[in-house]
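We did not get these values from a lab; they are worked out from the coordinates using the rules stated. Predicted, not measured: the structure shown is a model, and the values here were computed from it. Cβ: placed from backbone, ideal geometry, glycine included. Neighbour counts: every protein chain shown.
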Amino acid sequence: MRTLREVNTVVERLWPLSGAEDWDAPGLLVGDPDQPVGQVLLAVDAVGVTVDEVLERPDGLLLVHHPLLMRGVTTVAGDRYKGSLITRLIRGGAGLIAAHTNADVVVDGTSDVLAQRLGLRGATPIVPAPDGLTGLGRVGDLPEETTLGALARALAEILPATATGVRASGEYDQAVRRIALCGGAGDSLLAHPAVRAADVYITADLRHHPASEAREQALLGGGPALVDVSHWASEWLWLEGAADALRRELPGLDVRVSELRTDPWDFVVTQ
């Protein structure tokens, strides 16, 4: 049996907190560092169903991508959902750790995994750290030229299914090869030169105005086609590799990945 302190030490070695953005709040969020950990469940979100899942077994640890307490709260009362989740975890003897932007920037992080699944060659960070290997996003080339439509269909096969699926802005048959991508919400990188120079930019949570402005600029001859995917789906791919890393570092510990869909959207109606 491991302790929460031991597991958290490994987590912070694999995904150093020094790599997190200033606004972020990853790390140990719930639990006594000396409490036992007999099983780890990885998920993108700490929500009711994933808390239920980790509490099905004793001595649990829920390792999530999204920090439950990233934004300030003034209460953890049990009639508020964050307070309710924290209360249930504590009563159930389970811990909660988040690895967020510190897991985005590393080799084999959220963007790197998506780049690997697409088979990008020579992929490098869009926003590199001084080491040149880590950083936000990835940009690289497909092994051969394809079309925007075929790329969107490939993404739909790679990513877990969601109600909103994969949306694209651009001509279905336009040629693409140079790919920029950022797992999670990435519209802050739309104006980055590496993104502007790509044939297509893949990310999540693209808002109307940034997307519209980027496409209008592209029509003037400077900017990529856009592919918008589910935030949850774009980051879910990271979990299995993260679980493998924990298994290597903590042999004998029960480590598994939640298969539950925690994307917030349940269905769409088309006209």
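Under the definition of Cα pairs under 8 Å and six or more residues apart, what whole-number percent is the relative contact order of the chain?
19
Restricting to Cα pairs below 8 Å that are 6+ residues apart, what does the relative contact order work out to for segment 176-267? Please round to a whole percent. Don't skip to the end; give the middle numbers.
On the way: 124 pairs, mean separation 22.7, N = 92.
Result for segment 176-267 is 25 percent.
Taking a label point 7 Å from the Cα of R215 along the Cα→Cβ vector, which residues of segment 137-153 have an amide N closer than 19 Å to it?
147-153
Find the centroid of the Cα atoms in segment 124-143 and in segment 34-72, then give the distance between the two in whole Å.
First find each Cα centre; the distance between them is then 30 Å.
For L29, enumerate residues with amide H under 5 Å from its amide H, sequence gap 5+ or separate chain, H modeled in the peptide plane.
Those lying under 5 Å, H to H, from L29 are L96, I97, A98.
Please list 130-141, 161-172, 43-54 highest first by mean number of surrounding beta-carbon atoms within 10 Å per residue. Walk me through the numbers before you get to the answer.
Values: 130-141: 18.1, 161-172: 15.7, 43-54: 20.0.
Peptide ranking by packing, descending: 43-54, 130-141, 161-172.
Pick from H100, H192, H208: which residue has the top mean-square fluctuation in a GNM of the chain where Cα pairs under 10 Å get a spring?
Highest fluctuation of the listed residues: H208.
Output ³J(HN,Hα) for segment 99-110: one whole-Hz value per residue in order, computed from phi by the Karplus curve 6.51 cos²θ - 1.76 cosθ + 1.60 with θ = phi - 60°, and x for Gly and Pro.
10, 10, 5, 5, 9, 6, 8, 7, 4, 6, x, 4
For segment 2-103, max minus min Cα coordinate along each principal axis, in Å, sorted largest first?
The Cα atoms of segment 2-103 stretch 33, 32, 21 Å along the principal axes, largest first.
Calculate how many DSSP beta bridges within the chain are antiparallel, expressed in % of all such bridges and rounded to the nearest 5. Can you show the working numbers first?
Values: 18 of 40 bridges.
Just about 45 percent of them are antiparallel.
Debye calculation, C-alpha points only, no solvent: report log10 I(q)/I(0) for segment 105-231 at q = 0.20 Å⁻¹, in the same order as the q values.
Those come out to -1.14, one per q.
For the chain, what mean projected area does the convex hull of the alpha carbons give, in nm²?
Mean shadow area of the hull around the Cα atoms is 15.4 nm².
If Lys and Arg each add +1 and Asp and Glu each add -1, what is the summed charge of the other residues whose beta carbon sits under 13 Å from the beta carbon of H231?
-4
Per residue of the chain, what 222 nm ellipticity follows from adding -39500 (n - 2.57) for every DSSP H run with n ≥ 4, rounded to the nearest 500?
Taking each H run of at least 4 residues, the total per residue is -9000 deg cm²/dmol.
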